[in-house]
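No value in this document is a laboratory result; all are computed from the given coordinates. Predicted, not measured: the structure shown is a model, and the values here were computed from it. As a convention, Cβ positions derive from the backbone with ideal geometry for all residues, glycine included, and neighbour counts pool all protein chains shown.
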C-alpha cells in the first residue's frame with residue numbers, strides 16, 4: 001500500500017494533484033480543501049490510500065493522516081464508496097464526523113451529499129464502536145495567501161464535486177462574510193461552510 005507521497009507539486013486540479021516523486025508524476029484524487037493547501041512547484045506531503053478495483057488503481061490524497069484513516073474507516077460502512085467517503089470529509093472534518101457518529105447526530109451526517117437518513121443510520125450503527133480506533137486531527141492547514149483567491153478555489157472545488165456553476169457561485173456568496181470577518185481564514189473552512197450551505201437548500 002502507498003501510505004504517503006512526498007515531492008514537488010507538478011499539477012493542481014479542482015479535485016486532484018500530481019506529485020513528482022523520483023521523476024515520476026503520481027496523481028492523487030484529493031478533496032478541494034486538500035488541493036487548496038498545495039502550491040505549484042513547492043514540496044508537499046500527502047497521506048494516501050490506494051483503492052484497487054478490477055479496472056483501475058486510484059490513489060486518494062489527504063492533508064492529514066487523520067483524514068486518511070477516517071476515509072478508510074468510512075469505506076468499511078455498507079454502501080459507502082470512495083467518492084462518498086471523500087464527500088463526507090469535504091463537508092465535515094474528522095472530528096466533526098467522529099462527534100456526529102458518537103452522538104448519533106443524523107442531521108449532521110445528512111449534510112453530506114448522497115447520504116440520506118437511512119444511510120446516516122447505517123453509518124452510525126456500523127462505525128460507532130470503531131471511531132475511537134482512528135487518530136485525531138493534525139494541525140490546521142495554512143491560511144489563504146490572498147483575500148480573493150478563495151472564491152476561485154471554492155468554486156472549482158464545488159464544481160469538481162458535481163455542483164453547478166450557479167450553485168457554486170451562490171454558495172460563495174453565502175460564505176463571503178467569513179472571508180471578510182477573517183482575511184486569514186483558510187480555504188478548507190470556507191469550502192466546508194459552502195458545502196454546508198448547499199446541503200441546507
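When Rg and the Kirkwood Rh are both derived from Cα coordinates, the Rg/Rh ratio for the range 4-62 amounts to 0.95.
Using the Kirkwood radius over Cα pairs, work out the Stokes-Einstein diffusion coefficient for the chain at 25 °C and 0.890 mPa s, in µm²/s as a whole number. Answer from the Stokes-Einstein relation: 143 µm²/s. Among 154, 29, 52, the largest mean-square fluctuation in a Gaussian network model of the chain, built with springs joining Cα atoms closer than 10 Å, belongs to 52.
What the Kirkwood sum gives for the range 149-200 is a hydrodynamic radius of 10.6 Å, with every pair of different alpha carbons counted. Normalising the average separation of contacting C-alpha pairs (under 8 angstrom, six or more residues apart) by the number of residues puts the relative contact order of the chain at 20 percent. Taking each DSSP H run with n ≥ 4 as -39500 (n - 2.57) and averaging over every residue of the chain yields -13500 deg cm²/dmol at 222 nm. Springs join every pair of Cα atoms under 10 Å in this Gaussian network model of the chain, and among 74, 190, 59 the largest mean-square fluctuation is at 59.
Here the mean projected area of the convex hull built on the C-alpha positions of the range 65-133 is 3.7 nm². With R₀ set to 22 Å, the beta-carbon distance separating residue 129 from residue 2 gives a calculated FRET efficiency near 0.20. Just checking the listed ones, 113, 94, 183: in the Gaussian network model of the chain with Cα springs under 10 Å, the one fluctuating most is 183.
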